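**Q** The structure that follows is given in the form of structure tokens.
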Amino acid sequence: MQSNYTDNFRPNVKFPAFEYFALFAPILLLLIIVGFSIVYYRTESQIRSMIDEDSIRLHHINGFIGAYMSTAFNHLKSIYNETETQNAINTNNPEVLKLLEKSFLNLAQRNPVYDQVRWIDEAGREKIRISRGKGEPYIESRQNLQDKSQRYYFKAASLLLPGELYASKIDLNFERGVLERPFKPMLRIATPVADTRGNRRGIIIINILMTPVFETVQYLEQAGKTGNYLLLNQNGDLLHGVISLSTVKENDKPVTSLPAAYPIVWKSISTSETGHLDLSYGMWTWKRISSFDNLIGFKPNKVESKSGIDKHIKGEFSLIFVVQRPLSFLLDMRRSTRVSTFAGVFVALIVYGISLYFYLSGNFRARRAELEASYARNQAVNMARLKEHEERFHRLVESSGVGQLVVDSEGKIEISNATVEKMLGYEKYDLVGSKVEKLLPVDKQQGHSALRQEFMQNPRSRKMGEGRELEALRKDGTTIPVEIGLNPYTDQGRMLVLVNIIDLSKR
């Protein structure tokens with residue numbers, strides 16, 4: 001049969017493979033280049049679209065912060081120029097101080113986001129403090145006033161000229177050296193004050209609670225549904241959101257510092273105002289907001305008196321808006337782009353390849369079909385022979401006067417003959433699919449499983465009667481003495497064992 005197949009395969013009917021690939025390869029290369037170009041530009045377009053969406057969300061956040069800061073700056077102007085403020089700065093009259101406390105309290109009542117309104121003197125000691133408890137502002141008692149001389153915002157604001165404006169960084173509020181809970185993210189707006197003689201009299205400062213802004217971020221995050229939205233201060237400390245970790249862990253505790261979690265990402269964020277970074281564990285986009293970005297619409301009046309606020313704005317305020325998108329999101333986006341693009345390339349290649357194939361094949365198609373049919377017939381004959389061999393093997397096992405089982409590598413019985421079924425009291429096919437340990441005394445079954453696994457790792461033939469005396473468990477629970485022979489063999493790559501069993505009870 002093989003010789004006949006070879007004789008039918010003539011050189012003059014060979015497919016012109018060289019000519020085919022000479023015509024096909026340039027088109028294949030061209031389409032691959034075009035496909036990769038399309039994937040690249042479409043992916044970049046999608047990334048730019050996401051960045052644009054992030055910029056729109058950032059614009060909303062920027063607007064909220066800008067409104068808070070501009071309003072607070074205007075309120076500082078008003079407070080600075082009020083008669084009560086000037087009188088309190090120039091005198092130490094307790095009655096005048098009480099009037100200023102009421103003015104501060106009124107300001108806090110009209111502005112729910114003002115968590116504290118304070119006058120801190122030139123030594124860093126609070127002179128007046130309006131605090132907010134359970135949502136309502138109140139005047140702090142004299143004994144509860146604190147020394148703030150070592151706080152960074154007092155030092156920074158005190159270095160400015162009277163009338164200049166200071167915006168702090170956003171951080172979590174501490175009271176008496178203890179982090180306040182629930183967390184209160186604060187932005188502090190301050191201006192230095194001086195009396196009519198030009199002597200420094202400390203600063204007036206407003207603490208703005210930024211929780212409403214962060215709630216807006218959370219709303220935008222839920223609306224976007226494409227990433228993890230984070231707000232960080234200039235040190236990379238987390239102000240809002242949850243940093244999603246990839247392979248980074250810090251004692252299984254929540255990570256609140258981006259530099260600690262992703263130093264490579266932070267290196268890029270800390271050195272550029274805006275950008276995006278594509279890494280193996282996801283894509284990051286960010287935008288830095290400074291105090292000046294938020295004050296485009298803020299135009300303070302020119303200095304009208306010695307106590308006026310001028311237009312100079314300084315400070316440490318810097319907020320970083322970060323969107324963390326996981327690797328799965330990027331993979332899905334790129335996979336979708338690649339699938340749609342290369343599906344088109346693939347279809348084009350198929351159309352061209354089939355057309356070229358039919359153009360070049362000619363009479364070879366018919367001869368190839370004939371050869372394939374011949375091969376199929378040979379395969380069918382081989383399968384029939386294989387089936388015949390299997391059936392012959394089954395008949396040999398079935399007709400054997402010796403009890404025989406075929407067991408696979410997991411100990412499952414695949415074939416059992418009538419001799420062994422009768423010997424052990426089972427009906428036909430009762431044993432097929434059962435574990436071979438079923439045929440051992442109960443106290444031997446568990447140990448035999450380990451022995452069987454060891455045997456399968458190093459299979460070898462074992463003649464009848466070798467080794468210790470054995471017993472087989474019948475279906476009715478009784479046992480009989482037996483001799484066992486093992487003959488391992490492979491069938492289509494599978495390890496099987498032919499087990500021969502002889503009943504010794506009649507000897």
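The values are calculated or read from the model by the stated rules, or taken from the named source; none is laboratory data. Since we're looking at a predicted model, the values are computed, not measured. Note that we place each Cβ from the backbone using ideal geometry, even for glycine, and neighbour counts take in every protein chain shown.
**Q** Would you list the strands (runs of 3 or more DSSP E) that sit entirely within segment 108-212 and hold 1 or more residues that are under 30 Å from Ser257 (Cα atoms) and more than 39 Å from the chain's Cα centre (by Cα)?
**A** The strands (runs of 3 or more DSSP E) meeting that bar are 114-120, 126-133, 165-167, 185-194, 200-209.
**Q** Now, a different point. Out of Glu398, Glu421, Glu390, report the one residue that is crowded, with 16+ Cβ neighbours inside 10 Å, assigned to a helix (DSSP H, G or I) and over 52 Å from the mean Cα position of the chain (by Cα).
**A** Glu421
**Q** Report whether or not Asn87 is of a type in the set (S, T, N, Q) and surrounded by 15 or more Cβ atoms within 10 Å (Cβ to Cβ).
**A** So Asn87 fits the description; yes.
**Q** All but one of (1) of a type in the set (Ser, Thr, Tyr); (2) at pLDDT below 80; (3) touching a Leu at 6+ places or on another chain (Cβ under 7 Å) hold for Ser268; state the number of the condition that does not hold.
**A** Checking Ser268 against (1) of a type in the set (Ser, Thr, Tyr); (2) at pLDDT below 80; (3) touching a Leu at 6+ places or on another chain (Cβ under 7 Å), the one that fails is (2).
**Q** OK, next. Of all residues being among the small types (Gly, Ala, Ser) and farther than 20 Å from Met495 by Cβ in segment 424-448, which is surrounded by the fewest Cβ atoms within 10 Å (Cβ to Cβ)? Just the residue, please.
**A** Among those residues, the one meeting the criterion is Gly447.
**Q** Please name all residue pairs, on different chains or six or more residues apart, with Cβ atoms under 6 Å, provided the first residue is in segment 93-109 and is within 22 Å of Glu136 (Cβ to Cβ) and assigned by TED's automatic domain parsing to the domain that holds Leu76 and the second residue is of a type in the set (Asp, Glu) and surrounded by 13 or more Cβ atoms within 10 Å (Cβ to Cβ).
**A** Listed by first residue and then by second, the contacts come to Leu99/Glu84; Leu100/Glu84; Ser103/Glu84.
**Q** With respect to Met495, is the statement that it is in contact with a strand residue (DSSP E or B) (Cβ under 8 Å, 6 or more places away or on another chain) and at pLDDT below 85 true?
**A** When the stated conditions are applied, Met495 does not pass them.
**Q** Select from segment 401-418 the residues that are without any contact (Cβ under 8 Å) to a residue 60 or more places away in the chain and of a type in the set (S, T, N, Q) and write down the one among them that is farthest from Arg494 (Cα to Cα).
**A** Of everything passing the filter in segment 401-418, Asn417 is farthest from Arg494 (Cα to Cα).
**Q** Inside segment 434-444, can you point out the residues that are within 15 Å of Lys475 (Cβ to Cβ) and either touching a residue at least 40 places away in the same chain (Cβ under 8 Å) or of a type outside the set (Ser, Thr, Tyr) (or both)?
**A** Lys435, Val436, Glu437, Lys438, Leu439, Leu440, Pro441, Val442
**Q** If I filter segment 81-95 for residues that are β-branched (Val, Ile, Thr), at pLDDT below 90, closer than 20 Å to Pro185 by Cα and not in a strand (DSSP E or B), do I get at least one hit?
**A** No, because not a single residue in segment 81-95 is β-branched (Val, Ile, Thr), at pLDDT below 90, closer than 20 Å to Pro185 by Cα and not in a strand (DSSP E or B).
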